[in-house]
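Scroll down for the structure; my scribbles are underneath it.
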Amino acid sequence: MKLSGVVSFVVLMTAQISLAANCQIALTGNDQMKYDKASVTVDASCKEITITLVHVGKLPMAAMGHNVVISKEADKMSIATAGAGLGAAKNYVNASDAKVIAFTKVIGGGSKTETKFPGSKLKAGEKYVYFCTFPGHFAMMTGTLIVK
Ligand code: ZN
């Protein structure tokens with residue numbers, strides 16, 4: 001094999017890796033009321049985006065429940081405030097609120113949850129956030145969702 005063939009093969013592989021869109025929002029939450037990431041970047045071209053939340057703590061849902069809610073940054077406060085009063089049965093989120101782009105159910109320590117939503121709900125350049133709507137958590141448990 002000639003050197004030029006090897007080089008073009010490597011270039012091609014590199015291009016494929018950089019083109020691989022990230023369509024995953026993978027987070028963990030712990031007993032210290034924290035997610036493991038301050039920001040997540042997903043690709044605007046994603047057909048479907050998967051949210052995965054793993055609660056790596058030990059506390060039960062009633063004491064330290066976590067979920068992941070996605071919205072525009074400007075809508076976070078109203079969603080969190082309204083959600084806190086809805087109770088665990090509704091995952092502390094108003095599912096019929098159009099401002100809620102996506103959400104997972106609330107889980108306790110040692111549990112895992114996953115949900116999917118259409119990537120078309122997100123647009124590059126808009127300011128998005130993810131946060132936990134368990135009462136009292138949204139100020140600590142929040143991060144920036146970057147769409148590229
Ligand atoms: Zn939480």
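The values are calculated or read from the model by the stated rules, or taken from the named source; none is laboratory data. In this text, all values refer to a predicted model and were calculated from it rather than measured experimentally. Backbone-built Cβ (ideal geometry, glycine too); neighbour counts: all protein chains shown.
General remarks:
- Selection of the stretch 122-143 for residues being in contact with a helix residue (DSSP H, G or I) (Cβ under 8 Å, 6 or more places away or on another chain) and away from the ligand (no atom under 16 Å from the Cβ) yields Lys127, Tyr128.
- Options Val69, Val93, Val56; residue that is modelled with pLDDT of 95 or more, farther than 25 Å from Asn22 by Cα and within 16 Å of the ligand (Cβ to nearest atom): Val93
For (1) among the β-branched types (Val, Ile, Thr); (2) farther than 16 Å from Met141 by Cβ; (3) surrounded by 15 or more Cβ atoms within 10 Å (Cβ to Cβ), each residue gets a yes or a no:
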position	(1), (2), (3)
Met33	no, no, yes
Ile49	yes, yes, yes
Val54	yes, no, yes
Val68	yes, no, yes
Met77	no, no, no
Phe103	no, no, yes
Thr113	yes, no, yes
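- For the stretch 101-121, the condition holds for at least one residue, the condition being that it is assigned to a loop (DSSP other than H, G, I, E, B), more than 16 Å from the ligand (Cβ to nearest atom), touching a helix residue (DSSP H, G or I) at 6+ places or on another chain (Cβ under 6 Å) and of a type in the set (Val, Ile, Thr).
- When the test is whether a residue is more than 11 Å from the ligand (Cβ to nearest atom), out of contact with any helix residue (DSSP H, G or I) (no Cβ under 9 Å at 6 or more places or on another chain) and outside any strand (DSSP E or B), Lys37 passes it.
- Residues being surrounded by 21 or more Cβ atoms within 10 Å (Cβ to Cβ) and over 19 Å from Leu145 (Cα atoms) - total across the stretch 79-101: 3
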